[in-house]
Each structure stands twice: as structure tokens, then as C-alpha cells.
Amino acid sequence: MKNEKEAKNSSPRKRGRPPAFDRETVLAAARDTFWKHGYDGSSIADLTAAMGITPQSLYAAFNSKAELYRETLEQYRRMPRPEPGNPFHDKLDTVAAFERFLTNSAKIFTAPEHPKGCMISTAVLNCAEENEPVAHHVASMRLQSLDIFAKRIERGIAEGDMRPDADPRSLARFLGAIVQGMSVQARDGATTEELLALISHALSELRRYQPG
């Protein structure tokens, strides 16, 4: 007959519960990994090391690397801005709205506490064929931003702070190109002040379409 110690040692072990983690915290770690290295450049090993979880926990919580990436993009969009509020919804004229948006972008793209540049505007421009659905998803996010820009300019025309001959779509693409250029230059080491100087030229172009 086994003694009590032997019986205890030979009894079936209970499976432990998977370690709990704060979803927003591990998402932020994954976000910064993707932000710095890109989608293709971030391996599961890189992600789990940054997140402090196992691959099994990653797949259990997020289903796939692609789904994790999509969640990190949404978290990136929710990040607090240096100047809070939504400039495209606030009571600002069109030029002031874009000035606040671009200034916030310049400060985020160059902030020292996270990777440089924009996680969306220059993301997944080239990728492996099997990752094309991810590239299409990010491209759709960029197109959504252009739609937001164009609608804000259309609102400016309707409210009278932009001239009727302003072309909302072409100006939206111009401003989108400014954001993408700022992202690349920030990655290459441009300072906040240098990006703010660039923004002043973009705003001068936008002011050409103000009445009078």
C-alpha cells in the first residue's frame, strides 16, 4: 500500500489555468513591435517576447498574427494625442482643423517613447504574397483617412471657410502625401521642429483656398 506521500505524488496533476494578462498592455507591446519592424519583419517569437506571453496564449487570445495586427492598428488609432479631441469634429475652421491634425501627427511621429513615424500611413507597402490581405486592410485604412480629409474640406466649402473652387479629393490626396512624407522623414531622423516647418508649407497651400 502506498504511503500518503507516494499517493500524493502519484495523483493526477491538475492543469493550471493559462496566465491572465491585461489585453491593452500586451496589445501595446505588440503594437510597438509591429510599428518598429513592420508586419513581415515581426515574427511570432518577436511578438511573444515583447508581450511576455507564450505563442499558445497569443493564438488563444488573438487567433492569428493577422488578427493581432488588426487589433494593434485599432489601438494605435486610439492612442492619446498631444492636443486632445477630434479636430475634424471640433468647432474649428478647415485650415485650423488640419493644422491641429498635422501638428499632432508630427509630435506623435517623433515622440521618443515609441517607434518613429506612422504605423498606418507607410505600413505594409511591400509584403509577401500570403500577407496581401493584411496589406489590403491597411490600404483601406489609408483610403478611409483620405475620405475623412475630403469630407472635412467639403464641410469647409459648405460652411464658407473654403472657396467653392477647392477640389476636396485632390487636396485630400495632397494632405495624405504630406502625412506619408512626414512618416518616412521621421523614421529617417527628422525632428518635431523640422516636421512642423514642413507643415507650415502645407498649410500655406491650403490657405490659398480660403475666401478673400
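How many residues are more than 20 Å from V124 (Cα to Cα) and in a helix (DSSP H, G or I) when one looks only at the stretch 27-61?
Of the residues in the stretch 27-61, 11 are more than 20 Å from V124 (Cα to Cα) and in a helix (DSSP H, G or I).
For every residue, the table says whether it meets (1) at pLDDT 95 or above; (2) outside any loop (DSSP other than H, G, I, E, B).
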| residue | (1), (2) |
| --- | --- |
| K116 | yes, no |
| M119 | no, no |
| A135 | no, yes |
| A139 | no, yes |
| R152 | yes, yes |
| A158 | yes, yes |
| D165 | yes, no |
| S170 | yes, yes |
| L175 | yes, yes |
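Looking at A106, A123, A111, A66 in this structure, which one is assigned by the TED database to the domain that holds I153 and surrounded by fewer than 19 Cβ atoms within 10 Å (Cβ to Cβ)?
Working: A106 fails: surrounded by fewer than 19 Cβ atoms within 10 Å (Cβ to Cβ); A123 fails: surrounded by fewer than 19 Cβ atoms within 10 Å (Cβ to Cβ); A66 fails: assigned by the TED database to the domain that holds I153.
Exactly one of A106, A123, A111, A66 is assigned by the TED database to the domain that holds I153 and surrounded by fewer than 19 Cβ atoms within 10 Å (Cβ to Cβ), namely A111.
(1) surrounded by fewer than 19 Cβ atoms within 10 Å (Cβ to Cβ); (2) not assigned by the TED database to the domain that holds V134: which one isn't true of T48, the others all being true?
Of (1) surrounded by fewer than 19 Cβ atoms within 10 Å (Cβ to Cβ); (2) not assigned by the TED database to the domain that holds V134, only one is false for T48: (1).
Quick check on the stretch 133-150. Is at least one of its residues surrounded by fewer than 12 Cβ atoms within 10 Å (Cβ to Cβ), of a type in the set (S, T, N, Q) and within 28 Å of T25 (Cα to Cα)?
Yes: one or more hits.
Just wondering, is there one or more residues in the stretch 76-93 that are in contact with an Asp or Glu (Cβ under 9 Å, 6 or more places away or on another chain), in a helix (DSSP H, G or I) and at pLDDT 95 or above?
no
Name the residues in the stretch 152-169 that are open to solvent by 50 Å² or more (accessible area, probe 1.4 Å), within 29 Å of the chain's Cα centre (by Cα) and without any contact (Cβ under 8 Å) to a residue 40 or more places away in the chain, would you?
Hits for the stretch 152-169 are E154, D167, R169.
The values are calculated or read from the model by the stated rules, or taken from the named source; none is laboratory data. Since we're looking at a predicted model, the values are computed, not measured. Cβ coordinates were reconstructed from backbone atoms using ideal geometry, including for glycine residues, and neighbour counts include every protein chain displayed. For accessibility, only protein heavy atoms count, side chains too; no ligands or nucleic acids. Shrake-Rupley method; radii C 1.70, N 1.55, O 1.52, S 1.80 Å.
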